[in-house]
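Peer 1: Structure provided below as structure tokens; questions to follow.
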Amino acid sequence: PPPPAGEVSPKATEGAPNHARDPIEVFTTRPDTLFGASFLALAPDHPLTKAIAEFRPDVAKFVADCATLGTSEADIEKAEKVGVDLGIRVKHPFDKSWELPVYAANFVLSTYGSGAIFGSPAGDQRDLDFANKYKLPFKPVVLPPGADATTHAIRDEAYVDDGTIYNSRFLDGLSTRDAIQRAVEELVKLGKGEATTQYRLRDWGVSRQR
């Protein structure tokens, strides 16, 4: 059976340091899709992944295999999205009774955000490929313009554009842009998140004149 939310499975990490109540910091640009969360994914070199790898040979092998692969975005896009269940569960920030499995995944980079992401498969193709591979349940939370909420479904192709939020409790009926703001406000009020600005440097050419 899965361990209690946020606790490391004794069988999986017997003798390991106790991470039972350690929070996991997650960076996302789409807090409006939090109610579509299906799993949490950590980078192979995330501190928690490495701690569990010390006591789980399968996790250690996964970390070692990932270290031999490229870490550029181009390399990750081309590679099959694979991971390993770390045997721990976390509580959803908006619902303490909702537990999500935590995986180490080869498409999560420690250099992006905090090295941890929540997977919302219906709205992200990599998350969808991962969820389908490991048979993880998910639900759509962004309704495309003109779509019928009673029949709209996501199977092999994620919907990544704007729309109206549904299946999302207090966010229902909001546009994606308004839902992002509302979700952030709620996270701040609950003391479980904050809004930040993250800059990503892609190409920076510097020339000097003598």
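Peer 1: When only DSSP loop residues count, what chymotrypsin sites (Phe, Trp or Tyr not before Pro) in region 153-185 have their Cβ near at most 13 other Cβ atoms within 10 Å? Don't jump to the answer; show the numbers that get you there.
Peer 2: Working: sites: Y159, Y166, F170; in loops: Y159, Y166.
Sites meeting the loop and neighbour criteria: none at all.
Peer 1: Among the GluC sites (Glu not before Pro) within region 24-79, which fall in a DSSP loop and have no more than 16 other Cβ atoms within 10 Å of their own Cβ?
Peer 2: On the way: sites: E25, E54, E73, E77; in loops: E25, E54.
When the GluC sites (Glu not before Pro) of region 24-79 are filtered for loop state and at most 16 Cβ neighbours within 10 Å, E25, E54 remain.
Peer 1: Mind checking which aspartates and glutamates have their C-alpha under 13 Å from K91, skipping anything on the same chain fewer than 8 residues away?
Peer 2: Qualifying aspartates and glutamates at Cα under 13 Å: E7, D22, E25, E99.
Peer 1: Separate question: Rounded to the nearest 0.05, what FRET efficiency do T29 and D65 give with R0 = 22 Å and r taken as the Cβ-Cβ distance? Could you check? Display every interim value, and only then the final one.
Peer 2: On the way: r = 28 Å, r/R0 = 1.29.
After rounding, the FRET efficiency stands at 0.20.
Peer 1: Another one. Give the residue from N106, G36, P57 lying farthest towards the positive end of the charge dipole for region 16-162; charges sit on Cβ (+1 for Lys and Arg, -1 for Asp and Glu) and the dipole is referred to the Cα centre.
Peer 2: It is P57, whose Cα lies furthest towards the positive end.
Peer 1: Let me ask something else about it. Pairs K133/K189; K135/K189; K78/K139: which exceed 32 Å Cα-Cα? Provide the component values of the computation, followed by the final result.
Peer 2: Details: K133/K189 36 Å; K135/K189 34 Å; K78/K139 26 Å.
Correct reply: K133/K189; K135/K189.
Read the figures in this text as sums done on the coordinates, not as results from a lab. On a predicted model such as this, the values are computed, not experimentally measured, just so you know. In this analysis, Cβ positions are derived from the backbone assuming ideal geometry, glycine residues included, and neighbour counts consider all displayed protein chains.
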